[in-house]
Every structure is written in structure tokens, then in C-alpha cells.
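First the structure, in the form of C-alpha cells, and then the observations on it.
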Amino acid sequence: MAGLLKFLVLLAVPTASAEYKRYDGHSVVKVVPSSEEALRFLQKLQHNSVGVDFWKPPSQVGRAVHLMLSQHGGANIIKSLESSGMSPEVMIADVQRLINTEAEMIKERLAKPFTADQDPGAFAIDQYHPFDDINAWLDSLVATYPQIASTFSLGKSKEGRDMKVIKIGNPGTNKKGFWLDGAIHAREWVATATTIYIINELVTKSTTNPLYQQFLNAIDFYVLPVVNPDGYAYTWTSDRLWRKTRGGPYCIKNFFGGKKCCYGADPNRNWDFHFGEAGTSKDPCDDTYPGPSAFSEVETAQMSAWLAQNKNLFQAYVSFHSYAEDFLLPYAYAKGAYPPDISTLTSLANKAQAAIQAVHGTVYNVGTPPDILYAASGGSYDWVKGVAGVKWCYTLELRPGDGDQDNDQQYGFQLPPTFIIRTAEETWAGMQVIARQVINS
Ligand code: 0X9
Ligand code: ZN
């Protein structure tokens with residue numbers, strides 16, 4: 001009888017929420033290192049500690065660091081920060097509460113999929129969407145606007161999802177190319193939402209907005225909303241804070257001669273340009289594990305193969321991440337590594353930054369990752385610049401951050417949907433500056 005009761009209780013639990021990873025008792029703490037010593041302490045913590053997820057890793061003296069702590073280990077870490085002269089503040093008291101807030105929305109979306117035969121106008125631009133719905137929406141756009149939009153797949157992800165690119169432009173010759181992508185890191189949902197906004201602008205206003213007409217006459221936009229489909233899908237079904245691919249499992253020998261194995265490589269460490277150097281971890285269970293070899297992940301392998309073959313089409317490449325409000329210049333792989341045209345790249349970035357700021361007052365920091373963030377090798381835009389030779393290459397860390405006027409910093413990766421449009425509007429303004437430059441060069 002007890003067994004039967006247990007069985008019935010198990011049946012009653014909805015599977016999606018039962019499998020979703022819980023973060024009960026997890027908090028996110030913000031600390032600002034005010035000296036080189038404090039910064040070094042945080043960097044050591046980053047490399048030695050178990051159970052701390054750096055949502056915003058240590059970068060510069062004076063720049064905030066965000067750490068997610070578990071209930072158990074957290075108190076000791078807070079003590080050690082305090083005894084090193086820092087004053088940690090709680091930024092998110094309860095990560096699980098944020099996940100719960102999203103859970104209803106996730107359940108609703110997964111229960112009512114968007115299908116390709118629907119009117120693309122029925123797809124909510126101001127919401128987050130599951131992976132399959134995004135591809136279905138791209139198909140519905142092409143069905144409705146075949147003169148301006150087409151799609152193709154770079155190939156299947158490891159778990160068989162299409163890496164669908166939408167190409168948007170008027171027919172013509174000598175066209176320029178502008179590539180935009182999002183969610184190479186699975187949990188950075190606002191990056192995908194921003195590509196969706198941009199796609200929607202260009203496609204649905206292609207005949208009514210004179211500026212967009214100019215763009216579309218001169219440029220073909222190639223947009224890949226989700227670079228990491230399996231990781232992104234996993235954030236909807238299993239773990240909201242997953243970052244990597246779902247490749248592997250990859251293993252490492254442990255101290256006792258056994259092995260420890262984990263899924264996933266960081267797809268923004270997996271590109272074949274200074275692979276496995278700064279900002280990577282040898283431990284496959286870490287979030288910055290670059291994979292066993294460059295392009296070990298089918299997603300980066302396919303995307304880079306296509307870009308290598310078509311590199312002459314492109315003048316610009318921008319990859320959206322979250323979060324920090326940074327406009328990042330190449331190169332990311334090492335301190336002091338700059339492409340020869342760094343000064344033109346910087347002045348265009350400054351113009352784009354000003355355009356972003358003009359929309360809602362959000363101030364982005366402009367610089368290379370080692371100069372304003374941290375060095376990180378094997379990233380996508382480093383390869384697109386350094387190997388494919390595309391001229392205007394940038395990475396944007398979108399909202400939240402301390403540069404906007406909306407007090408949205410307390411949400412981290414779980415930026416509520418109410419901020420999607422504001423984020424996307426300002427970002428699109430910045431991208432238009434790049435589009436204009438592409439037309440004129
Ligand atoms: O660490 C990263 O990959 C990026 N930050 S994130 O919080 N979104 O993970 C910074 C990317 C810097 N650019 C490259 N390394 N390409
Ligand atoms: Zn990222």
C-alpha cells in the first residue's frame with residue numbers, strides 16, 4: 001500500500017518542474033574589490049573554490065564581482081571576504097525565488113508551442129521563448145515575407161536541433177554582410193530575445209521604414225538567435241543557469257586516480273584561435289572548460305566551417321551575451337593583444353555606445369576584455385576577427401548592469417521580460433551605427 005501511494009504521489013508531480021534543478025538557499029553576493037590585494041583574493045577564490053559560481057568574475061579594482069553562494073559554503077566565504085577587508089552585499093537573497101517567478105511562464109510556453117503555420121505577428125517579441133518556438137517563428141516569418149527573408153541550417157546540434165540562420169535582405173548584387181548571434185551561453189536569454197527583436201524590426205518593417213529599406217538594399221543580415229541550441233533547451237527543461245554545450249561527458253583524472261566526468265564545454269572558449277589559453281579551466285566540471293580540443297563541439301565546428309567558407313560575404317560580426325553592459329573589442333585572448341585596426345574598431349564602438357546611451361541613458365563600457373573585464377581565449381569573435389578576417393567584430397554584454405537607469409541589476413541572468421524591449425531598442429540603435437559603417441565602407 002505504501003508503495004502504491006508513493007507511486008501515485010510520483011505520478012502527480014509534473015515532470016518539467018520535478019526535473020528542474022533547484023537553487024534553494026542560493027544567494028548572489030556583490031562585492032567591489034577596492035585594492036589589487038582584494039582583487040587577487042577574489043581571483044584566487046575563483047580558481048580554488050568549489051561551489052561558487054561567479055556570475056560576474058573578478059576583473060578590475062573598483063568593478064563589481066557577483067558570486068552565487070550555496071547556503072552551506074556561503075557563510076564561510078562571506079567571512080573570508082570580510083576578513084580581507086571587503087564588504088559583500090546581498091544582491092539576490094534567493095535564487096530559487098527568481099526561478100519560481102519564471103517557472104509559470106516556462107510551463108505556459110512549453111505547454112503551448114508556437115507553430116510555423118501561425119501568423120508571425122502572434123509571436124510575443126517582449127517575452128522569452130523556448131528553442132523550438134524560435135525556429136518555428138523564423139519559418140513563419142519566411143512564409144509570410146518570402147521576398148525579404150530566408151532560412152538555412154548550419155547543421156544539427158549534438159542533440160539534433162537545427163542551427164537555423166535567418167538571412168534578411170533585398171535581392172541585389174555586391175551586398176555587404178552583417179552577422180548577429182545570441183546565446184552561445186545558454187543562460188543568457190536576453191541575448192536571444194534581442195536578436196528576435198532585431199529580426200522582427202527588419203522583416204516586418206522592411207517595406208515601411210525608409211532607413212530599414214536602405215539597410216536591406218545594401219546589406220544582408222544573417223542572424224542566428226541561438227548558437228548553443230542544446231544548452232538553451234536545457235535551461236528551459238532542466239537547469240535555468242546552465243551555460244555550456246551539452247557535449248561530452250568529458251572526464252578528468254581525480255586526485256585518487258579515479259575520474260570525474262561532466263557534460264558540456266564552454267562554446268565561447270572552444271574556437272580554434274589561441275585555444276585553451278587565458279580564462280580557461282582544465283576541469284570539465286567548470287563553466288570555463290574549453291573542451292578537449294578546439295572545435296570539439298559540433299555547434300562551433302559547424303558555425304566556424306560555414307563562416308570560413310563564406311567569410312568574404314561579411315564586413316561585420318556581433319555576438320550578444322549577458323550581462324555587464326560592455327561593448328567589447330577584440331582581442332579577448334590576452335592582455336595587450338590588439339588587432340592592427342584597433343583604433344578604427346574603437347572609434348566605431350564609441351559611436352555605437354553613444355547611440356545606445358541616447359535611447360534610454362544606458363552607459364556601456366568600451367574596451368577589450370583583458371582591459372575592462374578579463375582575458376578569455378577561444379572566443380567566437382576573436383576567431384572571426386583573427387582567422388576569418390572580418391573587419392568589424394564585437395561582443396556585447398547586454399543588460400543588466402550598473403550603467404542603466406532601470407535598477408535592474410538585481411536580476412543577473414534572469415532579467416524579467418519587462419526589460420526585453422528596452423534592452424533590445426538600445427542595442428539595435430548601436431547595431432544601426434555599425435550597419436551604416438558597413439554600407440559606407
Ligand atoms: O566569459 C565570457 O565568455 C564572456 N562573458 S560572459 O559573462 N557572457 O560569459 C566574455 C566574452 C569575452 N569575449 C570573448 N572571450 N570572446
Ligand atoms: Zn556569455
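The values are calculated or read from the model by the stated rules, or taken from the named source; none is laboratory data. This one's a predicted model, so the numbers in the text were calculated from it and none came from an experiment. Methodologically, a virtual Cβ is constructed for each residue, glycine included, from the backbone with ideal geometry; neighbour enumeration extends over all protein chains shown. Just the protein is used for accessible areas: all its heavy atoms, side chains included, with ligands, DNA and RNA removed. Shrake-Rupley method; radii C 1.70, N 1.55, O 1.52, S 1.80 Å.
Here are a few things to note about the model shown:
Conditions tested, residue by residue: (1) within 16 Å of ligand 2 (Cβ to nearest atom); (2) surrounded by fewer than 22 Cβ atoms within 10 Å (Cβ to Cβ); (3) at pLDDT 95 or above.
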residue: Ala316; (1), (2), (3): no, no, yes
residue: Ala324; (1), (2), (3): yes, no, yes
residue: Gly336; (1), (2), (3): no, yes, yes
residue: Thr344; (1), (2), (3): no, yes, yes
residue: Ala352; (1), (2), (3): no, no, yes
residue: His360; (1), (2), (3): no, yes, yes
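- Screening the candidates Leu141, Leu224, Leu202 for the property of being within 16 Å of ligand 2 (Cβ to nearest atom) and within 30 Å of Ile106 (Cα to Cα) yields one hit, Leu224.
- Residue count for the stretch 374-412 under the criterion of being of a type in the set (D, E, K, R) and either over 17 Å from the mean Cα position of the chain (by Cα) or surrounded by fewer than 20 Cβ atoms within 10 Å (Cβ to Cβ) (or both): the result is 6.
- Arg269 meets the stated requirement of being under 30 Å from Val387 (Cα atoms), within 16 Å of ligand 1 (Cβ to nearest atom) and not polar (S, T, N, Q).
- Matching entry among Ser35, Ser87, Ser83, Ser59 (being surrounded by fewer than 13 Cβ atoms within 10 Å (Cβ to Cβ), out of contact with any helix residue (DSSP H, G or I) (no Cβ under 6 Å at 6 or more places or on another chain), within 30 Å of Asp371 (Cβ to Cβ) and modelled with pLDDT of 90 or more): Ser87
- Residue check, Ala278 within 28 Å of Gln409 (Cβ to Cβ), surrounded by fewer than 22 Cβ atoms within 10 Å (Cβ to Cβ) and within 11 Å of ligand 1 (Cβ to nearest atom): yes
- Residue count for the stretch 305-326, restricted to those that are within 14 Å of ligand 1 (Cβ to nearest atom) and either of a type in the set (Gly, Ala, Ser) or closer than 18 Å to Gly386 by Cα (or both): 5.
To keep it simple, each residue is scored yes or no on (1) farther than 30 Å from Ile125 by Cα; (2) of a type outside the set (A, V, I, L, M); (3) at pLDDT 95 or above.
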| position | (1), (2), (3) |
| --- | --- |
| Thr195 | no, yes, yes |
| Ile198 | no, no, yes |
| Pro210 | no, yes, yes |
| Gln214 | no, yes, yes |
| Leu224 | no, no, yes |
| Thr235 | no, yes, yes |
| Trp242 | no, yes, yes |
| Trp271 | yes, yes, yes |
| Glu277 | yes, yes, yes |
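- Out of Asn174, Asn217, Asn200, one residue alone is farther than 30 Å from Phe295 by Cβ and either assigned to a loop (DSSP other than H, G, I, E, B) or open to solvent by less than 10 Å² (accessible area, probe 1.4 Å) (or both). It is Asn174.
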